[in-house]
Amino acid sequence: MRSIILYYWARFTLWMWGWDIQGQLPPEVKKCIIVVAPHTAMGDFIIGRFSFWFLKIKVSFLIKKEAFTPTLGWLIKGSGGIPVDRSRAANVTSQVVRMIEESDRIAIVITPEATRDKVNQWKKGFYFLAQNANIPIVLGYIDYGRKKGGLGPVIYPSGDYAADMKIIKEFYRGMQAKHPERWDVESVK
């Protein structure tokens, strides 16, 4: 019942905001990392959250443990948040891989920029998580220029990060961020 209410709430809200959300996970994809870009505004999370409710995809996301305050922690956890101690990156990777292996179905959303500021280097963790867990990467997007978002291609990590990043960058080329001055996919490594 909760998922039906969230679906209709998301559908109505996205329609009111003028957003067109497209795509679905292929039926054979039971576990994946969903990369979402561009990420330049806090509102990206809200559009993304509503988009996943609309697409009827239960997602989890990694978020710094400091965000789990007494006032907001319950809401973040209820929305799929998984607390992460960023000072222990290697331990986080092994914990998340173990969580993926123990799950029958899981979709973890990661924003590879890891900040809303402009960056020239994406965090590579999404790639190595997918590679270590032997699961695909699904390319999610929020394009403010066309007011479209959703899910794009599924990428299976080949082990050649540079070659796979060329494919990923090509997908995001031409998409507009909420704050375009903070987004330049051409310079991403």
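Could you list, in sequence order, all residues of the range 30-55 that are modelled with pLDDT under 95, in a loop (DSSP other than H, G, I, E, B) and surrounded by 13 or more Cβ atoms within 10 Å (Cβ to Cβ)?
P38, H39, T40, A41, listed by residue number.
From T69, T93, grab the single residue that is among the β-branched types (V, I, T) and assigned to a helix (DSSP H, G or I). So that I can check it myself, show each step before the final result.
Details: T69 fails: assigned to a helix (DSSP H, G or I).
So the residue among T69, T93 that is among the β-branched types (V, I, T) and assigned to a helix (DSSP H, G or I) is T93.
Go through the range 128-172 residue by residue and tally those that are part of a helix (DSSP H, G or I), among the aromatic types (F, W, Y) and free of Cβ contacts under 8 Å to residues at least 60 places away in the same chain.
The initial filter retains those residues of the range 128-172 that are part of a helix (DSSP H, G or I), namely 128-133, 161-172.
Next cut, among the aromatic types (F, W, Y) only: 128, 161, 171-172.
Filter once more, so that each one left must be free of Cβ contacts under 8 Å to residues at least 60 places away in the same chain: 128, 161, 171.
Total meeting the criteria: 3.
Restricting to the range 144-189, name every residue that is basic (K, R) and surrounded by 17 or more Cβ atoms within 10 Å (Cβ to Cβ). Show your work before the answer.
Restricting attention to the range 144-189, the residues satisfying the condition of being basic (K, R) are 146-148, 166, 169, 173, 178, 182, 189.
Matches in the range 144-189: K178, R182.
The values are calculated or read from the model by the stated rules, or taken from the named source; none is laboratory data. Keep in mind that this is a model prediction, so the values were computed, not measured. Every residue, glycine among them, receives a Cβ derived from its backbone with ideal geometry; neighbour counts consider all protein chains shown.
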